[in-house]
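Okay, structure first, notes after.
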Amino acid sequence: MNKVLLLGANSDISRAMAEQIAESGKDLVLAARKGHELEPMQKDLQIRFGVNVTLRDFDASQVSAHRDWVNALPDGIDTAVIVFGYLGDQEKALVEWQEAEKIIMSNYTGAVSIGSALADYFIRQGKGMIVGISSVAGERGRGSNFYYGSAKAGFSTWLSGLRNSLYAKGIHVMTVKPGFMDTKMTAGLDLPPALTSSPEKAAKQILRGISKKKNVIYVSPIWAIIMLVIKLIPEGIFKRMKL
């Protein structure tokens, strides 16, 4: 990595990644819906680590503007991380399409739109890496979060196909599947401590995966086993479980 783009840079995972990337001496482009809110972080990273940090406004829902947005990026970006997402309210999504649409837009449509533009950017550049933060929730539809899970399932499949498509062009695509995360998005949820990772741990695992050009990583390896067990449960039993 020489210069890294973080999309959804106001998230807890992005902030932890930005700190670790800057500490390693790499420049950053931080993008969020309200980019100016990142100015304190920008100044802090620049002063402490002597790196160049650029801010950009970015709205995942403005898909028609994504191509022009990518074309206006500064030169030299070689790694782009799609971090943004929206857990949403499952019960509200069942009765209000606007909530369901927001979940789908944030976790699938917007991510695929900007990811497609970035893929074209890296193809023209002749090198690059795209990292997508998906979720273990996409590995099997569960009654508690199937809007979010289905969007992440679609995103994981898209990343897999993109990885296959861009391999011959020398561009790598990595899928990240966090399990439970202690972040603003999960605040108020009763999460089991033994299965919950901090943003700092997630950032460390993601950056390690980038350095090794992994295809798919779980932030905590135990989740690969958990999801394998969940996928093996027969549907007749699974639909009776409150998961």
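With respect to the conditions (1) among the hydroxyl-bearing types (S, T, Y); (2) modelled with pLDDT of 95 or more; (3) open to solvent by 10 Å² or more (accessible area, probe 1.4 Å), T79 lacks only one, and its number is (3).
So which of D75, D120 is over 22 Å from K177 (Cα atoms) and assigned to a helix (DSSP H, G or I)? I'd like the intermediate steps shown before the answer.
Numbers: D75 fails: assigned to a helix (DSSP H, G or I).
Of the residues listed, the single one that is over 22 Å from K177 (Cα atoms) and assigned to a helix (DSSP H, G or I) is D120.
State all residues of segment 66-108 that are among the hydrophobic types (A, V, I, L, M, F, W, C) and closer than 26 Å to I21 by Cβ; if no residue qualifies, say none. Don't jump to the end; show me each part of the working.
Filtering segment 66-108 down to residues among the hydrophobic types (A, V, I, L, M, F, W, C) leaves 69-70, 72-73, 77, 80-84, 87, 93-95, 97, 100, 103-105.
Matches in segment 66-108: W69, V70, A72, L73, I77, A80, V81, I82, V83, F84, L87.
In the set D57, D12, only one residue is among the acidic types (D, E), farther than 19 Å from M129 by Cβ and free of Cβ contacts under 8 Å to residues at least 40 places away in the same chain; that residue is D57. Only residues that are within 18 Å of the chain's Cα centre (by Cα) and either part of a helix (DSSP H, G or I) or of a type in the set (D, E) (or both) were counted across segment 13-37, and they come to 10.
If you check I226, I210, I237, which single one turns out to be farther than 23 Å from D12 by Cα, at pLDDT 95 or above and not basic (K, R)? Spell out the reasoning first.
Values: I226 fails: at pLDDT 95 or above; I210 fails: farther than 23 Å from D12 by Cα.
That would be I237, the only listed residue that is farther than 23 Å from D12 by Cα, at pLDDT 95 or above and not basic (K, R).
Kindly evaluate V70 against the criterion of being at pLDDT 95 or above and in a helix (DSSP H, G or I). So V70 fits the description; yes. When every residue of segment 137-148 is checked against the conditions, at least one turns out to be polar (S, T, N, Q) and either surrounded by fewer than 16 Cβ atoms within 10 Å (Cβ to Cβ) or within 25 Å of V29 (Cα to Cα) (or both). The listed residues are G179, G154, and the only one of them that is open to solvent by less than 80 Å² (accessible area, probe 1.4 Å) and either of a type in the set (A, V, I, L, M, F, W, C) or at pLDDT below 95 (or both) turns out to be G179. Tell me yes or no: at least one residue of segment 185-206 is in contact (Cβ under 8 Å) with a residue 60 or more places away in the chain, small (G, A, S), part of a helix (DSSP H, G or I) and touching a strand residue (DSSP E or B) at 6+ places or on another chain (Cβ under 8 Å). Yes, the conditions are met somewhere in segment 185-206. Look at R48 and say whether it is in a helix (DSSP H, G or I), at negative phi, basic (K, R) and loosely packed, with under 15 Cβ neighbours inside 10 Å. So R48 passes the test. Is at least one residue of segment 89-105 of a type in the set (G, A, S), within 19 Å of P178 (Cα to Cα) and modelled with pLDDT of 95 or more? No, there is no match, as no residue in segment 89-105 is of a type in the set (G, A, S), within 19 Å of P178 (Cα to Cα) and modelled with pLDDT of 95 or more.
The values are calculated or read from the model by the stated rules, or taken from the named source; none is laboratory data. From a predicted model like this one, the values you see are computed outputs, not experimental measurements. Using ideal geometry, Cβ is built from the backbone for each residue, glycine included, and neighbour counts are taken over all protein chains shown. Surface accessibility is based on the protein's heavy atoms, side chains included, excluding ligands, DNA and RNA. Shrake-Rupley method; radii C 1.70, N 1.55, O 1.52, S 1.80 Å.
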